[in-house]
1. From the set of residues in region 359-396 that are of a type in the set (S, T, N, Q) and farther than 29 Å from Pro33 by Cβ, which is farthest from the ligand (Cβ to nearest atom)?
2. Please tell me if Pro103 is open to solvent by 10 Å² or more (accessible area, probe 1.4 Å) and closer than 30 Å to Cys187 by Cβ.
3. Which fully enclosed helices (runs of 4 or more DSSP H) of region 277-396 have 3 or more residues being of a type in the set (Ser, Thr, Tyr)?
4. Scan region 269-303 residue by residue and report those that are among the small types (Gly, Ala, Ser), under 23 Å from Gln334 (Cβ atoms) and over 19 Å from the mean Cα position of the chain (by Cα).
5. Determine which member of the set Tyr369, Tyr427 is among the aromatic types (Phe, Trp, Tyr) and modelled with pLDDT of 95 or more.
6. Return the only residue of Ile310, Ile306, Ile325 being closer than 26 Å to Leu175 by Cβ, at pLDDT 95 or above and within 17 Å of the chain's Cα centre (by Cα).
7. Given the criterion within 16 Å of the ligand (Cβ to nearest atom), in contact (Cβ under 8 Å) with a residue 60 or more places away in the chain and open to solvent by 10 Å² or more (accessible area, probe 1.4 Å), identify the matching residue among Cys316, Cys320.
8. Count, please, the residues in region 461-485 that happen to be modelled with pLDDT of 95 or more and of a type in the set (Val, Ile, Thr).
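The values are calculated or read from the model by the stated rules, or taken from the named source; none is laboratory data. Just so we're clear, the structure is a prediction, and the values are computed from it rather than from any experiment. Note: ideal-geometry Cβ built from the backbone for every residue, glycine included; neighbour counts use all protein chains shown. Ligands, DNA and RNA are stripped out before the accessible areas are found, and what is left, the full protein with its side chains, is counted by its heavy atoms. Shrake-Rupley method; radii C 1.70, N 1.55, O 1.52, S 1.80 Å.
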Amino acid sequence: MPFIPTTVEEMRRRGWAELDVIFVSGDAYIDHPAFGVPLLARWLEAHGFRVGIIAQPAWRSKDPFMALGRPRLFFAVSSGAMDSMVAHYTPARKLRHDDAYTPGNRHGARPNRAVIIYTSRLKEAYKDVPVVIGGIEASLRRFAHYDFWEDKVRRSILFDAKADLLIYGMAERPLLEVAERMRSGECMADIRDVRGTCRIGREVPPHPAFGHPLPQGEGVGVREIPTFEEISTDKLKFAEAFRLASREQNPYSARTLLQRHGDRALVCNSPAFPLSETEMDAVYALPFEKAPHPCYQQPVPAWEQIKTSITSHRGCFGGCAFCAISMHQGKLIQSRSESSVIAEIDRLARQPWFRGSISDIGGPTANMYGLACGNDEAMRNCRKESCIFPSVCTHLETSGKRAADLLLKARNRAGVKQVAVSSGVRYDLLERQPEYFRELVGHHVSGLLKVAPEHLVEHVTTLMRKPGGKAFEVFMRHFEDESARIGKRQHVVPYLISGHPGCTLADMLELALLLKGLGLKVEQVQDFTPTPGTLSTCMFYTGIDPDSGKRVYVPAGDREKGLQKALLLWHQPEQRTKVLEALGKLGREDMAGMLLTGYGGAPGGVRVDSGRRAHDIRQGKKAPPAKRR
Ligand code: SF4
């Protein structure tokens, strides 16, 4: 199927004089389901809409936004796979110089706060054409939120962008419903009840519903959360608003949320229902070209990293505090059928450039493929944010058999020599998945298994909603035993976060010593970034754990964060001065000998391979450099 039109000439070749919906994206156009805008464009196209894509328009003038003319229904705007501020700045707020979603890895192809800027240019160009905003930037900034880059609480992005509607989460259902209703003659201003959307209520309550009937059925009701003005000036109110909103994420029981901003209010309808397996299969069977648009002269790093990677499912029920996946993709796992994944592998194997290696089969968490709540009634009424923290819910079906069967079949397909799993795995779940564990360790590790304990000190992992050090030690033992049993020399690569709320310098020293005791050396430590919409960001800003109401220590400033990071990178000569400074601050100069000398762990440094980058890109994270040793 030809690429979605990006020029008038490409429209003409399809015989189109006008489009129904025009997407504007902060990413280059890569026609692959790992990228949200192309996926949604193909989805609407399959439902009979004429769609076009304007990718990475020069935003200083309205002209590039008029390249495809005036759409019949609306514009759909996304910053791309990442929040534009996360894409542009390091955790120390320094400007990045690369962008994996742009040809040539070039920085500067999209503006800061892309959703706001794009919408504003579109309104300059076509004042009366509705604009729908979506994607991760809009989704996670749907309520008033803390913005790390301005160090202040900002209004809902819907107020700043002056768009007509915001779609949050996975957009297939809401976007299609809005498009179909507009095609049937409804106007955007009257579309108020679509699940997965937010709008601005112009009349002040009495609610419910600002003078319109709420949708009937499950989840009916309105919950008001503290106002923008309240949370801007009162951190306890901020924590309360966060806690209340995060309890209303279950599509089967969530209420409409309302947050006043002055004399208006953000009205956030209940989340969209998840896609069924058949619907997921239909989405991934859309006729993608599986390539960047031919107009690009230079390679797009994100494509190079994703092209041999397969998405098997969406959603994550881990509920990790620093991760926005459950607020964006939801807690319920939406899996593709085995036959759908295998069909994609067979298509990949026929590509002339395919060399036989699949870099990843997974999703946000690889070993959640095919898992679900085993009690329908409990699931429909559940308000828990994690099915596995602080302990595995008795209703959760945890068998890894389906995921193990998928890996087994994938590696036996014609033309496939190797299948890696680069998506993260929850090692506390692996305990209950012996078939998957054996399959993973036996055939899909390639010498290094990447796991993300993030920390090992119990009170920090509790705030992170991760399993603690003991669970990691048990996992390490099992991994080593299984590797020895099958006669393979394999190692674990731990991913860790420094500077997370609750983590002191002393905790970091303890972590460094625990890792050293386990024979693990880390080459990469993620400095905690307070991205919009996460529980960790709420703790960072407020210094309060919204669940318990207790105060949380927040590492102060870049200097302390640098020292925390250095303690884990003790083996790198350039960190030595900082390590000694950290030990001095702790009054533990006596530890210098133990920490800075000798290393008896796994040989060599660790690699960050393309599979891990593919997984990160699928989750909208910043792609790390090509290779680190
Ligand atoms: S009842 Fe348990 S398994 Fe089911 S959704 Fe809730 S936490 Fe998850």
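1. Per the criteria, the residue is Ser391.
2. Here the answer is no, as Pro103 does not meet what is asked.
3. Hits in region 277-396: none.
4. Of the residues in region 269-303, the ones among the small types (Gly, Ala, Ser) are 270, 272, 276, 282, 285, 291, 302.
This time we only want the ones that are under 23 Å from Gln334 (Cβ atoms), so: 270, 272, 276, 282, 285, 302.
Once the filter is applied, which keeps residues that are among the small types (Gly, Ala, Ser), under 23 Å from Gln334 (Cβ atoms) and over 19 Å from the mean Cα position of the chain (by Cα), region 269-303 yields Ser270, Ser276, Ala282, Ala285.
5. One residue alone meets the criteria, Tyr369.
6. Exactly one residue qualifies, and that residue is Ile310.
7. On the way: Cys316 fails: in contact (Cβ under 8 Å) with a residue 60 or more places away in the chain.
Just one listed residue meets the conditions, Cys320.
8. Number satisfying all stated conditions: 2.
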